[in-house]
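What follows draws every value from the coordinates through simple rules; no lab data is involved. Note that this is a predicted model, so its numbers are computed, not measured. Here Cβ is always computed from backbone atoms with ideal geometry, including for glycine, and neighbour counts include all displayed protein chains.
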C-alpha cells in the first residue's frame, strides 16, 4: 500500500483548529487524494482540548492516526503539544505556535516546555505568534501562516491550497490569507 | 454529475436523505446527531421540525411515513430511550413509506451520560438496522434504508457513532430522486394501525415472519460482503471498526457487515467454517459475537481480547490480535494539565451555582451546559440522571427525608430540557402535592448542542416565529400561585439569592425562572 500522510493538528477550543484542518483536508482532496478527517466536537467551544486527525493518500481507511505515526504535528498551544506527543516520533515535524493558554484551574504553567519539546524532534518550527501577527498585520491569519509552514513540508500543490483557501476563508480576506500563507512558506 | 465533496457523516446522511427523496425530517438535538436535521432542513421541499422530545419526534415520523412520505427521525442513543415506547409498537404497525430512524451512539462518552449500544434496540424491537463505515456509505445507506423499509414494511435503523458522524470523508454527490410513494394513509386498515390486543396479537406474527424474511435477505444483500485477502487472518467487522481493521490488517479475509440486524447468520457461519479462528471486531457490546455463539459458532475471538468500553483505534485492534505493543510515540517529563469543560467565561448562569453552593443546598440537576455546575469552581450539583430527571428526583429525595424534611433541596433545569420532559415532572409534583423549588435557568436556547431553538424561545428549526410558552401561565395552570412564582435576571445576584430564600421559606412547590441569554447565542443572533 502506498504511504499515507498523517497530520495531527491540536490546540484549544476557539483557536481555529477545525477550520484550519478543514482547509488542509480540502487542499489534499483537490490534489486528487483520498482524505479522511476525524475530530470530536461538542464541548470544544468551552476552552477544552481540541484535535483533528487528517490523513491523505491513494486510499485511506482509518480516520484516525496510529500512535507514533504522525508525519506532522501542528500545535497552536504549548501544553497541547505535550498532550498529543504519543502520536509523534522523532522524525515527526513539529510546527508549534508558541502560545500559552492557562485555564483558571491551573496555578502555574510549566516552564521551559518548548526547549524540552525541541530536543525530542529532529525538525521543529516554533513560531512566535506576536511576531507573525505583526508581519501579517492581523491577528486572524496566524493559522494560515502555520499552514504555510506545513505546506512546505507536504507534496500538495500550491494551486490546491489556493483553491481550498478561496472556498474556505471569509469573504474579503483572501488576499490577507494568501499573504500569510506565503509568509509561512518563506519561514521554511 | 459526479461532484465530490468532503462531507461529515452527518452531512452525508442529510444529503442521502435529500437524494433519496425523503420529504420529512424530525428529531431532537443530541450530540453527535444534531447536525443531520440542521443540514437537511436547508434542502428545498422538505418539512422538518425539532420536536419537543424524541418520543414525540418518533410519533410524528410514524404518522408521516404512514401517510406516504419518506421520513427520517434523528436522535442520539439516549434519546432513543425516550422514544422506546412508540418504537416497539411501530415495529408492529410497519412503515408504509420509508421510515428511517437515525441513531448516533457515542462510544467513549464524548458528550453523553452513558455508553449504551443501540444495536440491542434493533434486536429488542425486531427492527432491522444498517450501519455505514464512512460518509459515502452513510449517504447511500439512507436510500437503501428507505427501500428496505418500504419493501419489508418496517421502520429501519440507520446507526452512526460519533466518529462516523463527525469524521469527514470524500463523498460523491448524486441527483435527487423524484420519489412519490403510491400509497397514503389507509384509514380503514385498523387491524394494522390500532394496536389493541386482538389486532396486535396478529401483528406479532407478521413481525416474526418479517424478521425471518429479513434474515434471509441479509444473507443476500451486497452490503454484507466478504473481502478476500491472503487467508491467513479472518475478521468479522462492521461500521467504523471495519476501517480500523482494513488499516492494520490490509491482507486479512474480512467479512464486512453492513446490515447488523438481522445478521446474515447462514453466510457468517459458512465464513467461520473456513478458518481455525475468526476475530470479531466491534465497539461496545459483543452483539455480533453473541449472535454467532448462540448459533453454534465456536471458533470466535472477540471480547476475550477486546474491550467492551470506550472507542477502538487501529493500534488497539492490532495489539490485541497480534499480542504486541505498538510504540507509544514520544513523551516528555512535563505534566499536561487537563482542561476540564467549563461554563463559558461570562456565562450568566454561573452565578446561580455560586449562590446555591454558598447556601449549602442539595441540588438535583439536569442535562445541558449547566450540568457543568457539578464541577469546581461551582460544585453545586449533587445528582444528574437524564433529561427531565431533576424535578422528580428532587421529589424523591424529599420523600426520602421523611419527617426530617429540611426544605433544602432544589431542582435546576434549563429551558430546553424543561420543555423536553421537565414539565411532566413539575405536573407530577403539583398533582401529588409535593413541595420544593424548581429553578429554570433560561438562556433562550438549547446551547449545549449548538443553539437549537426550543418552545421557550419563539422560533422553529427554520427560524420562523412561533408561540413562546409562558412560564407564569403554565405555573398558574398547575396550581402554582403568584406567591410561588418568581422571574429574576441572571445578572442580579441579590435578587436570585432573595428569591431562593423566600420561595424555600413558603414550603410549597415553587417555580423560579432565571433569565440570561446565552452569550454565544446572542453573538450569533447579532450576526444574522
Using only the Cα atoms of the range B:442-498, build the gyration tensor, take square roots of its eigenvalues as a ≥ b ≥ c, and label the shape rounded, prolate or oblate: rounded if a/c is under 1.5, else prolate if a/b is larger than b/c, else oblate. oblate
Put in order of increasing Cβ neighbours within 10 Å, starting from the fewest, A:81, B:171 give B:171, A:81
If neighbour count is taken as other Cβ atoms inside 10 Å, put B:223, B:496, B:156 in order from fewest to most. B:223, B:496, B:156
Taking every residue in B:188-199, how many Cβ atoms of other protein chains lie within 10 Å of its Cβ, on average? 0
Taking N as the number of residues in chain A, the ratio of its alpha carbon radius of gyration to 2.2 N^0.38 Å works out to 0.97
Going by average Cβ density within 10 Å per residue, which order do the peptides A:15-21, B:100-106 take, highest to lowest? B:100-106, A:15-21
So, relative contact order of the range B:4-218 in percent, Cα under 8 Å, 6 or more apart, is 28
Considering only chain B, what is the antiparallel percent among its DSSP beta bridges, to the nearest 5? 20
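Counting partner chain Cβ atoms within 10 Å of every residue's Cβ in B:160-170, what's the average?
6
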Which order do the peptides A:98-108, B:421-431 take when ranked by the mean count of other beta-carbon atoms within 10 Å per residue, highest first? B:421-431, A:98-108
Among A:140-149, B:21-30, how do they line up by average Cβ neighbours within 10 Å per residue, starting with the highest? B:21-30, A:140-149
When only C-alpha pairs under 8 Å and at least 6 residues apart count, what is the relative contact order of the range B:350-527, in percent? 21
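Please compute the contact order of the range B:1-67 in relative form: average sequence separation of alpha-carbon pairs under 8 Å and at least six residues apart, divided by the residue count, as a percent. Mind dumping the intermediate values first?
Working: 63 pairs, mean separation 22.6, N = 67.
Taking the mean separation of contacting Cα pairs over the length of the range B:1-67, I get 34 percent.
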Other chains' Cβ within 10 Å of B:340-346 residues: what's the mean? 5
Helix-only [θ]222 nm of chain B, DSSP H runs n ≥ 4, -39500 (n - 2.57) each, per residue, nearest 500: -11000 deg cm²/dmol
Checking the a/c ratio against 1.5 first, then a/b against b/c, what shape does the Cα gyration tensor give for the range A:91-188? oblate
Going by a ≥ b ≥ c, the root eigenvalues of the Cα gyration tensor, does the protein assembly as shown fall in the rounded group (a/c under 1.5), the prolate group (a/b larger than b/c) or the oblate group? oblate
Exposure-ranked with fewest Cβ neighbours within 10 Å first, B:488, B:280 stand as B:488, B:280
PRE zone check, label point 7 Å out along Cα-to-Cβ of residue A:59, amide N under 18 Å, scope the range B:162-184, hits B:169-172
Between residue B:492 and residue B:195, take the C-beta separation as r, use R0 = 60 Å, and let me know the FRET efficiency to the nearest 0.05. 0.70
